[in-house]
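Heads up, the thing below is written out as structure tokens.
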Amino acid sequence: MDFEPTTKVAELCAHLEAFVKEHVLPVERDYAAYLDNAPNRWTTPPLMRELQAKARAEGLWNLFLPDPELGAGLSNLEYAPLAEIMGRVWWSAEVFNCSAPDTGNMETLYLYGTEAQKNRWLRPLLNAEIRSGFGMTEPDVASSDATNIECSIKREGDEYVINGRKWFTTGAMRDICEILIVMGKTNPGNPDRHRQQSMILVPRNTPGVRIVRHVKTLGYDDAPLGEPEIAFDNVRVPAGNMLLGEGRGFEIAQGRLGPGRIHHCMRLIGGAQRALDLMLDRVEKRMTFGRKLSKHQSIREDIARSWCEIEQARLLTLKAAAKMDKYGNKQARDLISAIKIVAPLMAQTVIDRAMQIHGGLGLTEDLPLAELFNYARQIRLADGPDQVHMMSLGGQLIRKWHTEKGTNL
């Protein structure tokens, strides 16, 4: 299997890496300082707008979208090293209009939206004129089993009425978040539990949409995105806001979450690589017990393990991307589950080592490690927790073994 990038991708990688080095990394602290002192943490920092204008002018825009007219026309395998570069700074993917949940929402609208829905929501998202949120997880049920979702979506004439509560609704605190994609039940009595759910477009300013509170993770609020708890109290939207049709929520989710999962893994590999780079720099600058940190055996072991684990996750992610491109998301679900199990835990482990090597500094806002760690820990739950992916992959492997042996389960 050849993972050598094409000339086009190699040039894009070099261009993107130079952009991040020249424009993003030097202002990393400035971005955080602006948010710390902003009167409204949910407003897009002017610095982000400046970076976006530069990125768009240089053709580094919508790189995630495979449609060459709307995006860069890249496959999953081609996009992987670019997402990794963006992952070195937790917020930098937005600079290139490639950040979650907007990428997943844009892909959803692109794949499943009507022309009217695309014109109203997709085009402004592609231009970063607005932002979006995604509401799936609920506080009152075990959302690791998405069939548990209780949010009600009922048809009444030419409208749907939505009642329920969501949380970790990524992106919904942003002041320019204008549209939410919400998953709920349109047919709770359907004997097929995977045909009970639907996804519907809900403008955030619709009467009855109420932000209950903002939810932090490990003390971080992920501003200016945010992940609030939202109540939907008799929220009415036009029937034309339904995506694809009633009962097709799981179908959309599988189409949406496959690329979304791999994008997170790609970015986390970049975050882990950044942590390793910081380790390598640190160990040459610090002395303990009369010698550089780099001379200590335990430090060398941490660096060696980290390099191996990053490379293993990187290769597995590239293999998953290649299988998705060749056979589709459904056929690649084994490798998608595998990378979702491996990459976030790997990143968390490597970043933790980097924090340890940096001592107290590693826990502070002076370095990106603590926030990268928070991101890695989140993704061990987001888009399906580790245990669900292990259960799914284990089941697939058992069924495959019995099929190949010609035995019955």
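Miscellaneous remarks
- For the residues Lys185, Lys216, the requirement of being farther than 29 Å from Pro368 by Cβ and charged (D, E, K, R) singles out Lys185.
- Scanning region 275-287 for residues that are surrounded by fewer than 24 Cβ atoms within 10 Å (Cβ to Cβ) and either of a type outside the set (A, V, I, L, M) or within 19 Å of Asp352 (Cβ to Cβ) (or both) turns up Leu276, Asp277, Leu278, Leu280, Asp281, Arg282, Val283, Glu284, Lys285, Arg286.
- For Ala142, the criteria (1) in a loop (DSSP other than H, G, I, E, B); (2) among the aliphatic types (A, V, I, L, M); (3) assigned by TED's automatic domain parsing to the domain that holds His15; (4) farther than 20 Å from His264 by Cβ hold in every case but one, which is (3).
- Condition check for Thr108: hydroxyl-bearing (Ser, Thr, Tyr), over 19 Å from the mean Cα position of the chain (by Cα) and either under 20 Å from Ala321 (Cα atoms) or not assigned by TED's automatic domain parsing to the domain that holds Ile351 (or both): no
- Residues (in contact (Cβ under 8 Å) with a residue 12 or more places away in the chain and surrounded by fewer than 16 Cβ atoms within 10 Å (Cβ to Cβ)) located in region 18-28: Leu25
- From Met136, Met86, residue being in the same structural domain as Pro224 (by TED's automatic domain parsing), under 18 Å from the mean Cα position of the chain (by Cα) and either of a type in the set (Ser, Thr, Tyr) or surrounded by 19 or more Cβ atoms within 10 Å (Cβ to Cβ) (or both): Met136
- Checked against the criterion of being touching a strand residue (DSSP E or B) at 6+ places or on another chain (Cβ under 9 Å), surrounded by fewer than 24 Cβ atoms within 10 Å (Cβ to Cβ), assigned to a loop (DSSP other than H, G, I, E, B) and modelled with pLDDT of 95 or more, the candidates Glu246, Glu229 yield just one match: Glu246.
- Number of residues in region 288-327 that are surrounded by 14 or more Cβ atoms within 10 Å (Cβ to Cβ), within 15 Å of Gln356 (Cα to Cα), touching a helix residue (DSSP H, G or I) at 6+ places or on another chain (Cβ under 8 Å) and not hydrophobic (A, V, I, L, M, F, W, C): the value is 3.
- Candidates Gly113, Gly104, Gly133, Gly87: the one that is out of contact with any Lys or Arg (no Cβ under 8 Å at 6 or more places or on another chain) and either in contact (Cβ under 8 Å) with a residue 12 or more places away in the chain or among the small types (Gly, Ala, Ser) (or both) is Gly113.
- Scoring Ile176 on the criteria (1) out of contact with any helix residue (DSSP H, G or I) (no Cβ under 8 Å at 6 or more places or on another chain); (2) of a type in the set (A, V, I, L, M); (3) buried (at least 20 other Cβ atoms within 10 Å of the Cβ); (4) under 30 Å from Leu369 (Cβ atoms) leaves a single failure, condition (3).
- Subset of region 119-133 that is among the aliphatic types (A, V, I, L, M) and closer than 15 Å to Leu201 by Cα - its residue that is surrounded by the fewest Cβ atoms within 10 Å (Cβ to Cβ): Ile130
- In the set Ala32, Ala72, only one residue is modelled with pLDDT under 95, surrounded by 14 or more Cβ atoms within 10 Å (Cβ to Cβ) and more than 23 Å from Cys177 (Cβ to Cβ); that residue is Ala72.
The values are calculated or read from the model by the stated rules, or taken from the named source; none is laboratory data. These figures come from a predicted structure and were not determined experimentally. Positions of Cβ are generated from backbone atoms using ideal geometry, with glycine treated the same way; all protein chains shown enter the neighbour counts.
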